[in-house]
Amino acid sequence: MSEKTDAVKEAVAQKIIASMENAKYGKDSWQKPWSGGTIAENAKTGRRYSGGNLIALWLFGEDYGSGYWATYKQWAELDAQVRKGEKGIRLVKWSIIECRDHGSDEMCDRCGRGYSSAFTVFNAEQVDGWENPDKRVNPEGPIAHAEKFLHSVGAEVRHADEGRAYYTPSRDRITLPRFEMFHSAEAYYATFAHELVHWTGHESRLARKMSARWIDEVFGDNSYAAEELVAELGAAMLCAILGISDEPREDHAKYLTAWIDHLKNDYRLLWDAASKASRAVDYIEAMASASTAEKVGAMEGR
């Protein structure tokens, strides 16, 4: 990994550490520093940013209202001009080198043969000559959209009066408090999203092993906090996609100290966790899309 990409990753981790250290415990005071509020995508390619790059844009681009970003060259290709004096945000790109041993990029990815490089992006609000085409607001409203999306994934969900939310791997089931027990609809869907990310880690899905090397070396006996970090980041990504607020939860603030300590020891942890969170979100979106397509097909076949 190059010194430039190391510097980008460390800067993101340090900003999160600073935000966490300034936070206080408690549901009314702790604000998650990675709650971005909007999903970020490339204005030229239409692709969404993911993993650590998405977290970086949330952290350093919080003053911009637009979710569209692109490099200086890409804005020029869109007949737009980055204004003089504007400062961009540094991100990391991972490129795969063709593998001579296996002859395929996929195998090469598993071999770990590749290189990383840093690049700079600018927000749509930093350029002239480009009209924001953002029409991503769901006509049904964000809450109706969240209801449809989250329940279409296919996870088994049980509602109970016990006042806590959790995922049980042995039963492969999510348990949530009843809807009316939440102080807001957004709090319910944000909690649902968090547990749904846990659900993706089941051995029949992504088989997310929290005993992996990067967890053991960094978290040791507190590896459960690592899975919670993945779920927190994944929930923030899902909430941004769905256009709902990712509200802080009192029961997750207890992991704050563990996250601070371990991010200080290894800033790469954040990017690893964000990568796992992005894979979980991709899986959830694919399941929701497949479910919708199946239902449409069934209706057309009547």
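Throughout, read-outs are computed from the coordinates displayed, never taken from laboratory work. Just so it is clear, the structure is predicted and the values come from calculations on it, not from any experiment. All Cβ positions, even for glycine, are placed from backbone atoms using ideal geometry, and neighbour counts span all protein chains on display.
Assuming R0 = 25 Å, can you tell me the calculated FRET efficiency for the pair residue 224 and residue 116, based on Cβ-Cβ distance, to the nearest 0.05?
Values: r = 29 Å, r/R0 = 1.17.
FRET efficiency, residue 224 to residue 116: 0.30.
Label-point separation (nm) for residue 87 and residue 173, each offset 7 Å from Cα along Cα-to-Cβ?
5.3 nm
Roughly speaking, what is the stretch gain from residue 4 to residue 268, that is 0.36 nm per residue apart minus the C-alpha to C-alpha distance, in nm to one decimal?
Result for the pair: 93.7 nm of gain on full extension.
Sorted from fewest to most neighbouring beta carbons within 10 Å, what does the list 269, 256 look like? Intermediate values should be presented prior to the final figure.
Details: 269 22, 256 17.
Fewest-to-most ranking of 269, 256: 256, 269.
What order do you get for 229-241, 156-168, 116-128, 192-204 when each peptide is scored by the mean count of other beta carbon atoms within 10 Å, highest first? Walk me through the numbers before you get to the answer.
Details: 229-241: 25.6, 156-168: 13.0, 116-128: 17.9, 192-204: 21.3.
In decreasing order of mean packing, 229-241, 156-168, 116-128, 192-204 become 229-241, 192-204, 116-128, 156-168.
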